[in-house]
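Let me begin by presenting the structure, written as structure tokens, before commenting on it.
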Amino acid sequence: MKILVCISNVPDTTTKIRFKDNNSVFDTTGVQWIINPWDELALTRALELKETSGGAIEKVTVATVGLTGAEPTIRKALAIGADDAFRVDSDPVDAYFTAAQLAEVVKKEGYDLVFCGIESSDYNGGAVGGMLSEILGFASISSVSAVNYENGAFTFLREIDGGKETLSGNLPLVAIVQKGIAINPRIPNMRGIMNARSKPLVVIPAASTDNQTQYVNYELPPAKAKCKMVDAENMTELVHLLHTEAKVI
Amino acid sequence: MAVLVYTENWDGKFKKLSYELISYATKLAETLNTSVVALSIGNVDEAELRALGQYGASKVLAAKDGRLGSLENKAFASVIAQAAEKEQATVVVFAHNFTGKAVAPRVAVRLKAGLAAGVAGLPQSTDPFIVPKKAFNGSSFANLKINTPIRVLTLFQNSFGILEKPAEPTIESFEPTLNDSDFATSVKDVNKVTGKILLTDAEIVVSAGRGMKSPENWAPLEQLAETIGAALACSRPVSDEGWRPHEEHVGQTGKVIAPNLYFAVGISGAIQHVAGVSSSKFIVAINKDKDAPIFDTAAYGVIGDAMQVLPALTAAFKEFKASN
């Protein structure tokens, strides 16, 4: 059995977001790029599952859609412990384009279980996993906060609006994962970093797809008014302001 | 032509966000010169279905197949896509919640439709179709152009509001074709939160951070939340430390919420935290550090020790409630 973890290359979560060319392009000047946080947790859990599966899970592969600028991120995924990697050599134009590229990788290599992060921390679309499953005709389980493998079967814990559900699912399946899937992301050690250099990283050309969506321009939200301070001894005043000024109670 | 809205139900009842979706779709349908069809999946009684007319739905499709009792992404996507085809929908609207995020991308692929996820308002233009959506974790809006004849949108909660526009909807039973292969997952166990206000649906949220010092100090927060009917939330360090369950984590990697009122107690206001709550209408920050960055985002600020401020605030709210 083989697991594919889809990786998105995103700006560091502390990046100050700026735009250029009349607010039409995200300004990447000085941006540090990282593995999308949820994808990093997904990779961590996939490796844990492989290590405790008694050989049932043979391989964990990572795949990304990105230009050469995404290579340090995919190498880091190899350093964390992925066995091999694919990079589809193109800008990830939109969610559908990205999902269509990843679908080609899955079809070619025959993965049984695919992990995608619940969204990428840049455009926050959260659509690649769902689209990928539909293109492939696979089942999908979303907002997964735990995955376990016991006696040859996977169980998934998913969060719903109003609770949690435990599910079983027939493979092949796409699991779209969120926080909780692993507690902390695995950090590459020196040996992992050395090994990553010689692990296979296969670059493949992009397949052509329809261009469904495109970003026209960006806007920053209006600046907030200055914070009104209320004396800690006077909570009646705060309640009064929330009632008469903010009108939220 | 139509604008199709998927209205999810919770134990047979719709929520505020269902009515917001219909309100949004009704406004959009006016621009497109068409009407709104709501699709309900599961057991919802006729009075509840009819209530969707209050916000402008002119037709309600009710799919009650017994196999659709719990969310199966593949089957739900099939049902919704079949309804869209039947009604020749040019726009399909979902909530940007767990269910919407799970199903909308699959529906988009089925309908060969472009998807805008986390939509923050009405389209600025319908030809070409350009719609604002949230991007970069609440720090900006992106205007997304959708090139396809059918568009799928997930609407960010609390970004449009509820507008009444009474209509008398026709209620129609909808029987889509479903195959056994649409059901590849099965729910083994359900653990529903009962009697508590859902964090993503709450109008008021009381949230706390590491400034609370210990998980034993949560009682005054719980008392405040109970007094004002708020949901509880927390910052990332608090959930990482295991002081609170991770479902309560709001922020970039946790939940992104947009209540009317958000109390940030003992939360310094790291950029990743603010990303998850910046869409709140009003933020009240309570912190003993006057230089905490949370005060840059808050509308109201209190400098003080949470353990003293919270009981006083709860008492003030109780007094307010008693006199109103």
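The values are calculated or read from the model by the stated rules, or taken from the named source; none is laboratory data. Just so it is clear, the structure is predicted and the values come from calculations on it, not from any experiment. Neighbour counts run over all protein chains shown; Cβ positions are idealised from the backbone, glycine included. Accessible surface areas use protein heavy atoms only, side chains included; no ligands, DNA or RNA. Shrake-Rupley method; radii C 1.70, N 1.55, O 1.52, S 1.80 Å.
Does B:Lys134 fit the bill of being open to solvent by 20 Å² or more (accessible area, probe 1.4 Å), touching a residue at least 24 places away in the same chain (Cβ under 8 Å) and in the same structural domain as B:Leu49 (by TED's automatic domain parsing)? In short, yes.
The one condition from (1) touching a strand residue (DSSP E or B) at 6+ places or on another chain (Cβ under 7 Å); (2) at the interface with chain B (Cβ under 10 Å from one of its Cβ atoms) that A:Val177 does not meet is (2).
Within the option set A:Thr73, A:Thr29, A:Thr64, A:Thr14, being part of a strand (DSSP E or B) and either surrounded by 15 or more Cβ atoms within 10 Å (Cβ to Cβ) or not charged (D, E, K, R) (or both) holds for one residue only, A:Thr64.
Out of A:Tyr111, A:Tyr149, report the one residue that is surrounded by 24 or more Cβ atoms within 10 Å (Cβ to Cβ) and farther than 28 Å from B:Phe156 by Cβ.
Every option except A:Tyr111 fails the conditions.
Taken over the stretch B:23-44, the criterion of being touching a strand residue (DSSP E or B) at 6+ places or on another chain (Cβ under 6 Å), in a helix (DSSP H, G or I) and open to solvent by less than 10 Å² (accessible area, probe 1.4 Å) is satisfied by B:Tyr24, B:Ala25, B:Leu28, B:Ala29. Where residues in the stretch A:212-224 are open to solvent by less than 80 Å² (accessible area, probe 1.4 Å) and of a type outside the set (Ser, Thr, Tyr), which of them is nearest to A:Val93 (Cα to Cα)? The selected residue is A:Gln214. Could you tell me how many of the residues in the stretch B:119-131 are in contact (Cβ under 8 Å) with a residue 40 or more places away in the chain and under 14 Å from the mean Cα position of the chain (by Cα)? Going through the stretch B:119-131 one residue at a time, the tally reaches 1. Look at the stretch A:221-232: where a residue is touching a residue at least 12 places away in the same chain (Cβ under 8 Å) and facing chain B (nearest Cβ under 7 Å) and a partner is open to solvent by less than 90 Å² (accessible area, probe 1.4 Å) and not basic (Lys, Arg), sitting 6+ places away or on another chain with Cβ atoms under 6 Å, you get A:Lys228/B:Tyr300. Looking across the stretch B:82-118, the residues that are in a strand (DSSP E or B), free of Cβ contacts under 8 Å to residues at least 40 places away in the same chain and open to solvent by less than 10 Å² (accessible area, probe 1.4 Å) come down to B:Gly114, B:Ala116, B:Ala117, B:Gly118.
Considering only residues in the stretch A:151-182 that are among the small types (Gly, Ala, Ser) and within 18 Å of B:Arg106 (Cβ to Cβ), the one that is modelled with the highest pLDDT turns out to be A:Ala175. What about A:Glu237, is it modelled with pLDDT of 95 or more, in a loop (DSSP other than H, G, I, E, B) and open to solvent by 70 Å² or more (accessible area, probe 1.4 Å)? No: the conditions fail for A:Glu237.
Conditions (1) among the hydroxyl-bearing types (Ser, Thr, Tyr); (2) open to solvent by 50 Å² or more (accessible area, probe 1.4 Å); (3) at positive phi; (4) under 23 Å from the mean Cα position of the chain (by Cα), marked per residue:
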| position | (1), (2), (3), (4) |
| --- | --- |
| B:Ile171 | no, yes, no, no |
| B:Phe174 | no, no, no, no |
| B:Thr185 | yes, no, no, no |
| B:Lys188 | no, yes, no, no |
| B:Glu203 | no, yes, no, yes |
| B:Arg210 | no, yes, no, no |
| B:Pro215 | no, yes, no, no |
| B:Pro220 | no, no, no, no |
| B:Ala225 | no, no, no, yes |
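Entry remark, the stretch B:131-183: residues being within 23 Å of B:Lys74 (Cβ to Cβ), modelled with pLDDT under 95 and touching a Phe, Trp or Tyr at 6+ places or on another chain (Cβ under 8 Å) number 0 in total.
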